[in-house]
Amino acid sequence: MKYLNRFLVCSGLLASLFSCADPDPLAFEVEKPEGLEAQEDINSYAPLKSYKDSTSNFTLGGAVSISDYINKGVMYRLINKNFDELTVGYGMKHGAIVQNDGSMNFAQVNELIAAAQQAGTSIYGHTLTWHANQNAEYLNSTIAPTVIGGGPSWDEIAGADFETDEAANYETNEDDSMSFTAAGEGADGEGRALAVTNGEVRENDWESQFFFKFSPAMEVGEEYELTMDVRSDADASFATQAHIQPGEYKHWDFFGAIPASAEWTTFTKRIIVSEEMAGSSTIAFNLGNVATTYYFDNISLKKYNEEGSGGGPALDPSVITNSDFETGTDGWAGWGNGSTMERSAEGEGYGDTGYAFTFTNPSATNFWEAQIAYDLPTLEMEETYVLNFKVKANTAGTLRAELQSPSDYSSDGLGSFNVSEDWEEYTLETTITKEDRERLVISYGDFAGTVYIDDVTLSRVNPNAGGVIEKTPEEKEEIIGGEMERWITGMMEVSKDYVDAWDVVNEPMDDGNPYELKSGATDSDITSDEFYWQDYLGKDYAVKAFKLAREYGSPEDLLFINDYNLEYNLDKTRGLIEYVEYIESQGATVDGIGTQMHISIDSDKNNIAQMFQLLAETGKLIKVSELDVRTNVSEPTDEVLQQQADMYSYVVEAYKEHVPQAQRYGITVWGVTDSPEDANWLPGEFQGLWDVNLNRKPAYKSFAEALEEL
């Protein structure tokens, strides 16, 4: 603009017959820095998806966290602008959806689908069946042994209630600091307590200590529970140390800090013994921070015994044979006040699954005028029976249960119980006092509304039967197969109207034996979210998964099997292909194979080409499912970034060269940016097409150019 203004001024003067010379304002030219010019060149490129052939079926995908996408921030915009399809790293997996009680929470999945629909971006389902990112705690609980009496227990190894003067397992480091309270001043106003006085604030809290001793000494991995009642004249909090014996320090923290106030409170804490604690046989309570008197009562240290202490009471099998109503309501009846009863609709049972028995009383009257009943075999005189069940209702109220004699309607009462709109579990018991107690009766005449009851058992307490009953392999297979079906059915029901492509089975092949399946039996470091479906369902676990996905999804869905390191280990590629052939030989259909390709700048290009050739020979759709390229350095130079760009370009070119167009499902970029939040499983690897500040890297340019003709 300055040059233009000068030109206009000179033109005006010339018109007045005066001359004007416009001198060169700069005697030299300034060149842009090479890096700035290169970045401007990269920034001039269009969004990635504009480079692919718009007439092809090739799909360009990007990975994103479900929270980043549904919050519609910068990653939401970046994904929608550059990619046709998104894959969420965790949000659609079993561990993210299935809760510890087995229920499934699809709230975020529904938000994801709504956001993607609004943007016009498709979703790739990741993943239905994997060994990692599972709610393993829940799945393992479904096949856990049945413990009847004598099973795992907490065994007391030391205790003190201070009702006698015996002080073998406690002491202080100041002999005159201990005394006993008067009777009736213990916890809950009962018995005695021990008073320990710290007369002054100490420079170090451990200068005034109360010791509680036990044996044997702790070992690494053992689990202990400390319970005690405590109060103090002044508000205080005191630390606990691990000691080998009183005064012989072992570790600074043991059972954490314990609060105390003027009111009695019960402190409970469980620990697992660490190496730092091992060998300890004394708890030291550090009382020196506050000048006050502390009061202790009912100290108990228990050790977890997985095998149990043996013997003890247990429950016999239930005498109610139709407990869960899954096959009908046989054996159950009812009457009175125009009430009705029936099996519920499917999905109205406990946990919103299966069936329940439901009964409705139209109006409140005397409690005995509306009842349900189940006829029992004759119960044993003077034996205790335990009734367990789950129940809910459409409104709050109270019902009652009893074991009745049909001959005269006398009964042994099990007690009343409250109902509400939430499922509750009750355990009631009674002792049989008459020989013909042959009917379970639940009375609800004074309750107006609808009740649902499920999982009803009645069992005799057997005082001599203890033990652990392991489920058989056949039982475990049935249970885990049911869980797989419930999970896949639930996910497909929510997503099938929008999600039309899935990783049905993820990472099945073993790294050390690439022609065999992975197994928890060979995993030396199973994490808390790992569960190997194949260990319970066998080689056909993938067959089942593909059949379920096909049955409960949409008929046109594309179903993939996916694995990693296929470009690194070509035998793993061959092993995966053989497994696909096996799956299809058992009647399932696999539409495509995904290769993850978490590679680096020095990955073997020849192996990459051979992998694509092997996969293409199957005739299946081939998807690069999780592409990223690590730099292998903490501070990549321009040269290293160009090597990364070249590798991104090579992968796309090799894919084009070796995979026929009709088999090219697409490529998904996994570590889209270098941000740890974007790809937190590869922090510091600089694997993305964008850097941490969302600036395009040289890899963006090379990847964009390579996408042409795809």
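The listed residues are 63, 27, 21, 38, and the only one of them that is at pLDDT below 95 and surrounded by 14 or more Cβ atoms within 10 Å (Cβ to Cβ) turns out to be 38. When the range 76-100 is filtered for residues that are modelled with pLDDT under 95 and in contact with a strand residue (DSSP E or B) (Cβ under 8 Å, 6 or more places away or on another chain), only 89 remains. Scanning the range 617-647 for residues that are closer than 10 Å to residue 687 by Cβ and open to solvent by less than 40 Å² (accessible area, probe 1.4 Å) turns up 627, 628, 629, 631, 644. Tallying residues that are within 16 Å of residue 323 (Cα to Cα), of a type in the set (S, T, N, Q) and part of a loop (DSSP other than H, G, I, E, B) within the range 365-414 yields 0.
Contact annotation: residue pairs with Cβ atoms under 8 Å, 6 or more positions apart or on different chains, pairing a residue in the range 567-594 that is farther than 19 Å from residue 503 by Cβ and of a type in the set (Ser, Thr, Tyr) with a partner that is open to solvent by less than 40 Å² (accessible area, probe 1.4 Å) and part of a loop (DSSP other than H, G, I, E, B), are 568/603.
I want to confirm something. Restricting to the range 526-562 and keeping residues that are part of a loop (DSSP other than H, G, I, E, B) and either charged (D, E, K, R) or touching a strand residue (DSSP E or B) at 6+ places or on another chain (Cβ under 9 Å) (or both), which single residue is farthest from residue 138 (Cα to Cα)? Outline the logic, then answer.
Of all residues in the range 526-562, those part of a loop (DSSP other than H, G, I, E, B) come to 526-533, 553-557.
In the following step, the residues that additionally are either charged (D, E, K, R) or touching a strand residue (DSSP E or B) at 6+ places or on another chain (Cβ under 9 Å) (or both) were identified as 529-530, 532-533, 553, 556-557.
Values: 529: 10, 530: 11, 532: 13, 533: 13, 553: 25, 556: 32, 557: 29 Å.
The residue in question is 556.
Tally time: how many residues in the range 426-455 are hydrophobic (A, V, I, L, M, F, W, C), in a loop (DSSP other than H, G, I, E, B) and in contact with a Phe, Trp or Tyr (Cβ under 7 Å, 6 or more places away or on another chain)? Going through the range 426-455 one residue at a time, the tally reaches 1.
If you go through the range 314-347 and pick out every residue that is within 28 Å of residue 385 (Cα to Cα) and either within 34 Å of the chain's Cα centre (by Cα) or part of a loop (DSSP other than H, G, I, E, B) (or both), you end up with 21. Specify the residue that is modelled with the lowest pLDDT; the eligible residues are those in the range 649-683 that are within 34 Å of the chain's Cα centre (by Cα) and among the aromatic types (Phe, Trp, Tyr). Taking the candidates together, the pick is 681. As for the range 461-472, it holds no residue that is more than 29 Å from the chain's Cα centre (by Cα), farther than 22 Å from residue 144 by Cα, surrounded by 18 or more Cβ atoms within 10 Å (Cβ to Cβ) and not hydrophobic (A, V, I, L, M, F, W, C).
Return the residue satisfying two criteria in turn: it lies in the range 351-363 and is under 18 Å from residue 487 (Cβ atoms) and not acidic (Asp, Glu), and of such residues it is surrounded by the most Cβ atoms within 10 Å (Cβ to Cβ). Steps first, please.
First, the residues of the range 351-363 that are under 18 Å from residue 487 (Cβ atoms): 351-354.
The next check asks that each one be not acidic (Asp, Glu); those that pass are 351, 353-354.
On the way: 351: 13, 353: 18, 354: 16.
Among them, the one singled out is 353.
Any chance the range 88-95 includes a residue that's in a helix (DSSP H, G or I) and either in contact with a Gly (Cβ under 8 Å, 6 or more places away or on another chain) or open to solvent by less than 30 Å² (accessible area, probe 1.4 Å) (or both)? Yes, the range 88-95 contains a residue that is in a helix (DSSP H, G or I) and either in contact with a Gly (Cβ under 8 Å, 6 or more places away or on another chain) or open to solvent by less than 30 Å² (accessible area, probe 1.4 Å) (or both).
The values are calculated or read from the model by the stated rules, or taken from the named source; none is laboratory data. Predicted, not measured: the structure shown is a model, and the values here were computed from it. In this analysis, Cβ positions are derived from the backbone assuming ideal geometry, glycine residues included, and neighbour counts consider all displayed protein chains. Note: accessible area is taken over every heavy atom of the protein model, side chains too, but ligands, DNA and RNA are not part of it. Shrake-Rupley method; radii C 1.70, N 1.55, O 1.52, S 1.80 Å.
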